[in-house]
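K.L.:
First the structure, which I've put down as structure tokens, then a few questions once you've had a look.
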Amino acid sequence: MTDARTLDVEVGDDRHAEAMMINMGPQHPSTHGVLRLVLELDGEVIAKAEPVIGYLHRGKEKIGENLSWHQFIPYTDRLDYLAPLANNVAYAVACEKLMGIDAPPRAQAIRVICAELARISAHLLGLGAYAMDLGAMTVFLWTFREREAIYSLIERICGARFTTSYTRIGGLERDLPEDFPAKLDAFVKEFPGRVDEYEGLLSRNKIWIRRTQGVGVITKEQALQYGLTGPNLRGSGIEFDQRKVHPYCGYEQYEFEVPIGSVGDCYDRYMCRVIEMRESARILRQALDTLPAGPILNRDSQDALKTVLPEKEKVLTNMEALIHQFMVATDSINAPVGEVYFGAENPKGELGFFLRSDGGLKADRLRIRGPSFANLQVLREVLPGHMIADVMAILGSIDFVMGECDR
Amino acid sequence: MSTLTDHGDPAAGAALHAAFPAATDEPVTWHGDVTVQVQPAHEAAVIRHAKDKLGFELFIDRFGADRGEDSEPRFDVITILCNVQTGKRLHVRTTLPALDPVCPTLVHVFRGADWFEREAWDMYGIRFEGHPDLRRILMPDIFPDFPLRKEYPVEGQGAFAAPRRAIGGNKDATDGHVAIIKTQPTEGAQ
């Protein structure tokens, strides 16, 4: 990149190259959704970059203030829509923190399975699309093969492939089907070999290395200043993973490594994601082997009874359960007055929910801290000085999703 | 009780209060989250102290909140910081009046606060003094209202190009001004 920065922009005599403004997006294929970049070019070199966001704004925070705690769950699917299960888990845990209840151990373990499946699926898409943006078509097709397998697993869990809405406050919507452990087992056995295949295509590929190493370096200082989280923060060499520093859903029971980058370039971020996928598979294996038996909804206390929905099968067959469901859904949730923040380690970074309750069924303020919002802001410091072709490499390595950025 | 009750750092909250006894209130711990209430004028200094002296180097979030039309002070600006060594969190909250909510910017402490402050401006009309580029970020530039204010209806107000009075503003929505500071009690709003 130093070559690009020192390019002489004079074009003979006293003529100077004129700065050119170009709009990249919101429909550019490498902007993965509706990100728009306003680039000021000095020849092929970016002089200034301004990300413009908001094209996918749907007013989720406003909607959240007008729906009951349970009704908001489907809206969380559409935040990071590549990892809806992880969003469901983050929101449910935040609500539980507010209401002071816990999910039972079996529900916690299933949530870990969900979150890690979502992580693998999101990283697969991120990796595939990233490689495709840099001209490697095969990776995309191969990662989608595994994503298809994951979607089939997710469909077994909750009946939907994409919009899962699987968690409930204090537990889960339903238990795992009987054939699920065997299916997940087959996937976990096969998956590390598949990651080897992707790595065989990319990790020591000369073109890939030259497109990614030394490109888009984010320093530690920048990462902290801009509030980067997830693989983008760890790629810059900061060891910080919610699952380690503040285990939720019983992450402390599982053994896994957190990969850290050394340079903070696109290659480091790529490598972090690849290793994270391997570690996620390790967690899946352990969660599957130690999956506890028991209920999936909290029935421990009077508070929990007033907050947590009854099991769905009972609702359909038992009048008391039907009444219970009606009471919880209409008016019995007694969220305490107060405010909490909970941030979960999602595939893209920390997805945080700040919930302020003034008592009752609805949030007074429901703030969503989307990791991509913070991650994208750093572009205006990272992009200048790079060639225009490097924009695709950097965008792909940031791995953002506009659903949670624009909310 | 939930197991997630160790996120906050009460010791850091107490240290912050000890360093700024006049500008901050006693830290409050609730369900594990530690919140320090600070006067708007001292917010940036308090957060800088937390960052430089107490190790809260990672900027997590900064956002507004509305306590309702009749509340005074009406608006909150909440900043969430994280210590990457310990993983502990610290919430810093400042309250602003209903009329002309102004808060000094944080971009000189955390450059990443830029977009978060633009969003708070966009949604609540909280003005951040000293912010280099306080424009709307999520809503269209021509949008006349501050949609997360409590009086703004969730279903919106129809096509926003139609002439009408702006909520939280005292000018007609079509006269070319987008960002209107509320300088007098709202007329004609809900």
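K.L.:
So what is the diffusion coefficient of the stretch A:221-269 in µm² per second by Stokes-Einstein at 4 °C and 1.567 mPa s, using a Kirkwood Rh over Cα pairs?
P.N.:
Approximately 114 µm²/s, per Stokes-Einstein.
K.L.:
When only Cα pairs under 8 Å and 6 or more residues apart are kept, what is the percent relative contact order across chain A? Can you show the working numbers first?
P.N.:
Numbers: 793 pairs, mean separation 105.8, N = 407.
For chain A, the relative contact order is 26 percent.
K.L.:
Taking amide hydrogens as modeled 1.01 Å from N in the peptide plane, which residues meet the under 5 Å criterion relative to residue A:386, leaving out close sequence neighbours?
P.N.:
Amide H neighbours of residue A:386, under 5 Å, 5+ apart: A:46.
K.L.:
With +1 on each Lys and Arg Cβ and -1 on each Asp and Glu Cβ, how big is the dipole of the stretch B:10-129 about its Cα centre, in debye rounded to the nearest 20?
P.N.:
Values: 12 positive and 18 negative charges, 107 e Å.
For this selection, approximately 520 debye.
K.L.:
Please list, ordered by chain and number, the residues whose modelled amide H lies under 5 Å from the amide H of residue A:67; skip anything fewer than 5 residues away on the same chain.
P.N.:
Here the answer is A:363, since their amide H atoms fall under 5 Å of that of residue A:67.
K.L.:
Taking θ = phi - 60°, what integer Hz values does the Karplus form 6.51 cos²θ - 1.76 cosθ + 1.60 yield along the stretch A:59-66, in sequence order, with x for Gly and Pro?
P.N.:
So the Karplus estimates, Gly and Pro as x, are x, 4, 5, 5, 4, x, 6, 10 Hz.
K.L.:
So which chymotrypsin sites (Phe, Trp or Tyr not before Pro) in the stretch B:52-89 are both in a DSSP loop and have at most 10 other Cβ atoms within 10 Å of their Cβ?
P.N.:
Counting only loop positions with at most 10 other Cβ atoms within 10 Å, none of the chymotrypsin sites (Phe, Trp or Tyr not before Pro) in the stretch B:52-89 qualifies.
K.L.:
For every helix of n ≥ 4 consecutive DSSP H residues, a contribution of -39,500 (n - 2.57) applies; sum these over chain A, divide by its total residues, and give [θ] at 222 nm rounded to the nearest 500 deg cm²/dmol.
P.N.:
Numbers: 19 runs with 197 residues, N = 407.
Computed mean residue ellipticity for chain A: -14500 deg cm²/dmol.
K.L.:
Please report, in cubic angstrom per residue, the volume enclosed by the convex hull of the alpha-carbon atoms of the stretch B:10-129.
P.N.:
Details: hull volume 11.8 nm³, N = 120.
Enclosed volume per residue, from the Cα hull, is 99 Å³.
K.L.:
Also: If you build the convex hull over the alpha carbons only and average its shadow over all orientations, what do you get for the stretch A:60-406? Give it in nm² to one decimal.
P.N.:
Numbers: hull surface 66.5 nm².
Mean orientational projected area (the stretch A:60-406, Cα hull): 16.6 nm².
K.L.:
What number, in nm² with one decimal, is the all-direction average of the projected area of the convex hull of the alpha-carbon atoms of the stretch A:66-206? Each step should come with its number before you reach the end.
P.N.:
Numbers: hull surface 38.2 nm².
For the Cα atoms of the stretch A:66-206, the hull's average projected area reads 9.5 nm².
K.L.:
I want to verify a result. In a Gaussian network model of chain A, Cα cutoff 10 Å, which of these has the top mean-square fluctuation: A:110, A:207, A:169?
P.N.:
Between A:110, A:207, A:169, it is A:207 that shows the largest mean-square fluctuation.
K.L.:
Continuing with the same structure: Would you work out which of A:296, A:37, A:242 lies farthest towards the positive end of the dipole of chain A, given +1 charges on the beta-carbon of Lys and Arg and -1 on that of Asp and Glu, about the Cα centre?
P.N.:
Going by the charge dipole, the pick is A:296.
K.L.:
Within 10 Å of each Cβ in B:82-89, how many Cβ atoms from other chains are there, averaged over the peptide?
P.N.:
Working: counts 9, 2, 8, 4, 2, 7, 2, 5.
Whole-number average of other-chain Cβ neighbours for B:82-89 is 5.
K.L.:
Along the charge dipole of the protein assembly as shown, which of A:54, A:26, A:149 sits closest to the positive end, that is, farthest toward it, with unit charges on the beta carbon of Lys, Arg, Asp and Glu (+1, +1, -1, -1)?
P.N.:
A:149
K.L.:
OK, next. Mind listing which GluC sites (Glu not before Pro) in the stretch B:1-75 are in a DSSP loop and have 16 or fewer other Cβ atoms within 10 Å? Let's see the in-between values first.
P.N.:
Values: sites: B:43, B:57, B:69; in loops: B:57, B:69.
When the GluC sites (Glu not before Pro) of the stretch B:1-75 are filtered for loop state and at most 16 Cβ neighbours within 10 Å, B:69 remain.
K.L.:
What longest range of chain A stays clear of loop-exposed GluC sites (Glu not before Pro) (DSSP non-H/G/I/E/B, at most 11 other C-beta within 10 angstrom)? Numbers along the way, then the final one.
P.N.:
On the way: sites that count: A:18, A:178, A:255.
That would be A:19-177.
K.L.:
Once you compute Rg and the Kirkwood Rh from C-alpha atoms, what is the Rg to Rh ratio for the stretch A:241-396? Write out the running numbers ahead of the final one.
P.N.:
On the way: Rg = 21.5 Å, Rh = 19.7 Å.
Radius of gyration relative to Kirkwood radius: 1.09.
K.L.:
List the trypsin sites (Lys or Arg not before Pro) in the stretch A:268-365 that DSSP assigns to loop (not H, G, I, E or B) and whose Cβ has at most 15 other Cβ atoms within 10 Å. Which are they?
P.N.:
Details: sites: A:269, A:273, A:278, A:282, A:285, A:299, A:306, A:312, A:314, A:348, A:356, A:362, A:365; in loops: A:299, A:348.
Passing sites in the stretch A:268-365 are A:299.
K.L.:
Also, quick follow-up: Using the Cβ atoms and a cut-off under 11 Å, what net charge is assigned to the surroundings of residue A:324, where Lys and Arg are +1 and Asp and Glu are -1? Let's see the in-between values first.
P.N.:
Working: positive: A:299, A:306, A:314; negative: A:311, A:320.
Value of the local net charge: +1.
K.L.:
Roughly speaking, what is the centre-to-centre gap between the stretch B:1-68 and the stretch B:89-133 when only Cα atoms are used, to the nearest Å?
P.N.:
Taking the Cα centre of the stretch B:89-133 as reference, the centre of the stretch B:1-68 is 16 Å away.
K.L.:
For an R0 of 30 angstrom, estimate the FRET efficiency from the Cβ-Cβ distance between residue B:41 and residue B:135 and round to the nearest 0.05.
P.N.:
Working: r = 24 Å, r/R0 = 0.81.
Result of the calculation: an efficiency of 0.80.
K.L.:
Sticking with this structure for a sec: If the protein assembly as shown were replaced by its equivalent ellipsoid, with semi-axes equal to the square roots of 5 times the Cα gyration tensor eigenvalues, what would those be, largest first, whole Å? Write down the numbers at each step before the final one.
P.N.:
Numbers: eigenvalues 250, 230, 104 Å².
Whole-Å semi-axes of the equivalent ellipsoid: 35, 34, 23.
K.L.:
So for A:203, A:121, A:262, fewest C-beta neighbours within 10 Å to most, what's the order? Don't jump to the answer; show the numbers that get you there.
P.N.:
Numbers: A:203 14, A:121 27, A:262 10.
Result, fewest neighbours first: A:262, A:203, A:121.
K.L.:
Mind listing the long-range amide H neighbours of residue A:351? Cut-off is under 5 Å, sequence gap 5 or more, other chains count too, H placed in the peptide plane at 1.01 Å from N.
P.N.:
A:344, A:346
K.L.:
Hey, another quick one. Helix hunt in chain A: which complete DSSP H runs extend at least 15 Å axially by C-alpha with mean Kyte-Doolittle at least -1.0? List each step's numbers first, then the result.
P.N.:
Working: long enough: A:84-99 (22 Å, 0.64); A:105-133 (42 Å, 0.63); A:137-158 (31 Å, 0.40); A:180-202 (32 Å, -0.14); A:266-289 (35 Å, -0.43).
Once both thresholds are applied, what remains is A:84-99, A:105-133, A:137-158, A:180-202, A:266-289.
Every number here is computed from the coordinates shown, using simple stated rules; none is lab data. In this text the structure is predicted, and so the values were computed from the model without any measurement. All Cβ positions, glycine included, derive from the backbone under ideal geometry; neighbour counts span all protein chains shown.
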